[in-house]
Amino acid sequence: MKLSFRWYGPQDPVSLAYIRQIPSMHSIVTAVYDVPVGEVWSHESIAALKQDIEANGLHFDVIESVPVHEDIKLGLPTRDQYIANYCENIRRLGQAGVKVICYNFMPVFDWTRTQLEKELPDGSTALVYYVEDLKKMDPLTGELSLPGWDSSYAKEDLQRLFDLYKEVDEEKLWENLAYFLKAIIPVAEEAGVKMAIHPDDPPFSIFGLPRIINCEKSLDRFLKIVDSPYNGLTLCTGSLGSGSFNDIPYLVDKYAAMGRIHFMHIRNVKLLDDGSFEESAHLSSYGSLDMVAIVKALYKNGFDGYIRPDHGRMIWGETGKPGYGLYDRALGASYLTGIWETLSKA
Ligand SMILES: [Mn+2]
């Protein structure tokens, strides 16, 4: 496995100089943030990222994410131009040496939480999702203050998107995903870039919008649409693990054995009885996931893809992007490499 760390570019309060000091750190996971979703990334922006990363002794191997334009998910006539742009990004990133591209296919909302700084008993803060709080949120009325969500949507745009999605049920979304995959995977094969879809977070429908990448059955269906190693998964333990119906070590073992996991997001999550969840420290005993069983499933399958400690809590007074501080993710990284070393010497 290759240890990696997400970095939000030169604006990120966590510097590459600090990230490189985390033991075993290999690769940076990042993206070009200076163009709107759906546009082609400039060669200059890609080269600048690569140069910064390599100047710090790290590898420019993984992109998270090249976002998918809503018109593609909606299956609008304009999708072909956006797909052509997407293919061009895959080619450019492949030329720059990128090995894996992470993306997701969630309508309108990316990952969703009801609170970003919930204070835990030890004084740290974490991202949480409380079912009762979500019921009180309506993205179409009141304040547009949904944590973690792209606030660049104007209210009218959002209403328009919700209206358009009335025509898109789960089956239609599957069709639109298949259309997209059949166009991009041959390009990814040629460019030598492995595509890795991120599961829905949380792994169920919210605000009445369809979500389809969320359980074993849907992952099986997804992988069969284009049966190529270039059509693979970002297996996010915390996202899939927020549904009690998902057995994470089993899923990791199954898809690692198939060679279809290219990127692992590893974090723990504590499930509550009513379907709510709290993000927790990486250590198994702090959440509902068995982290040793997860890493063991990778180890025994000879996993040589990328792993990153996913979100962390905010600890030791650090401020910054919720979930993406330095300290707790660094603790997570060391914990994961510790498990790996233990397994390698057992
Ligand atoms: Mn993730």
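Derivation of every value follows stated rules applied to the coordinates shown; laboratory data play no part. Computed from a predicted structure; not experimentally measured. Please note: Cβ atoms are built from the backbone with ideal geometry, for glycine as well, and neighbour counts cover all protein chains shown.
Ignoring everything except DSSP H segments at least 4 long, calculate the 222 nm mean residue ellipticity for the chain; use -39,500 (n - 2.57) per segment, divide by total residues, nearest 500.
Working: 12 runs with 130 residues, N = 346.
The helix-only estimate for the chain comes to -11500 deg cm²/dmol at 222 nm.
Remind me, relative contact order of the chain in percent, using alpha carbon pairs under 8 angstrom and six or more residues apart?
Numbers: 635 pairs, mean separation 58.0, N = 346.
Dividing the mean separation by the residue count of the chain yields 17 percent.
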>> Quick query: amide H of Thr125 versus all other amide H atoms, modeled in the peptide plane; which residues come in under 5 Å with a sequence gap of 5 or more or a different chain?
In response: Leu120, Met314
>> For a quick check: with amide H placed at 1.01 Å from N, whose amide H comes under 5 Å from Lys2's, ignoring anything fewer than 5 positions away on the same chain?
In response: Gly305, Tyr306, Ile307
> Of the peptides 41-48, 291-298, 336-343, how do they stack up when ordered by the mean number of other Cβ atoms within 10 Å, highest first?
Replying inline: 291-298, 336-343, 41-48
> With the dipole of the chain worked out from charges on the C-beta (+1 for Lys and Arg, -1 for Asp and Glu) around the Cα centre, which of Ser24, Leu140, Ile315 lies farthest toward the positive end?
Replying inline: Ser24
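Treat every Asp and Glu Cβ in segment 2-345 as -1 and every Lys and Arg Cβ as +1, leave all other atoms uncharged, and give the resulting dipole magnitude about the Cα centre to the nearest 20 debye.
Values: 34 positive and 48 negative charges, 199 e Å.
Magnitude of the dipole: close to 960 debye.
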> Hey, if you put +1 on the Cβ of every Lys and Arg and -1 on every Asp and Glu Cβ in segment 2-345, which of Tyr86, Leu158, Tyr250 ends up farthest toward the positive end of that dipole?
Replying inline: Tyr250
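Where both partners of a DSSP beta bridge lie in segment 2-345, what percent of those bridges are antiparallel, to the nearest 5? Intermediate values should be presented prior to the final figure.
Numbers: 11 of 40 bridges.
Rounded to the nearest five, the antiparallel share is 30 percent.
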>> Residue by residue through segment 238-247, what is 3J(HN,Hα) from phi via Karplus (6.51 cos²θ - 1.76 cosθ + 1.60, θ = phi - 60°)? Round to whole Hz and write x for glycine and proline.
In response: x, 6, 5, x, 6, x, 5, 6, 9, 9
> Counting other Cβ atoms within 10 Å of each Cβ, which chymotrypsin sites (Phe, Trp or Tyr not before Pro) in segment 219-305 have at most 15 and sit in a DSSP loop?
Replying inline: Phe245
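Assign one of three labels to segment 208-346, namely rounded, prolate or oblate, based on the Cα gyration tensor with a ≥ b ≥ c the square roots of its eigenvalues; rounded applies when a/c is under 1.5, prolate when it is not and a/b is larger than b/c, and oblate otherwise.
On the way: a/c = 1.73, a/b = 1.22, b/c = 1.42.
In terms of gyration-tensor shape, oblate.
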> So which lysines pass the test for Lys50, namely a Cα distance under 27 Å, with those fewer than 8 places away in the same chain ruled out?
Replying inline: Lys2, Lys99, Lys194, Lys321
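Listed highest first by mean packing, meaning other Cβ atoms within 10 Å per residue, what order do 3-13, 49-59, 197-207 come in?
Highest to lowest by the protection proxy: 197-207, 3-13, 49-59.
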> Of Val292, Tyr8, His69, which is farthest on the positive side of the dipole of segment 2-345, counting Cα position, with +1 on Lys and Arg Cβ, -1 on Asp and Glu Cβ, and the Cα centre as origin?
Replying inline: Val292
>> I want the local charge near Asp328. Using Cβ-Cβ distances under 9 Å, sum +1 for each Lys or Arg and -1 for each Asp or Glu among the other residues.
In response: +1
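First check a/c for the chain, with a ≥ b ≥ c the square roots of the eigenvalues of its C-alpha gyration tensor; if it is under 1.5, answer rounded, and if not, answer prolate when a/b is larger than b/c or oblate otherwise. Don't skip to the answer; put the middle values down first.
Working: a/c = 1.30, a/b = 1.10, b/c = 1.19.
Cα axes put the chain in the rounded bin.
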> Could you name the aspartates and glutamates in cross-link range of Lys73, using Cα to Cα under 17 Å and dropping any fewer than eight places away on the same chain?
Replying inline: Glu39, Asp110, Asp150, Asp157, Asp163, Glu167, Asp169, Glu170, Glu171, Glu175, Asp200, Asp201
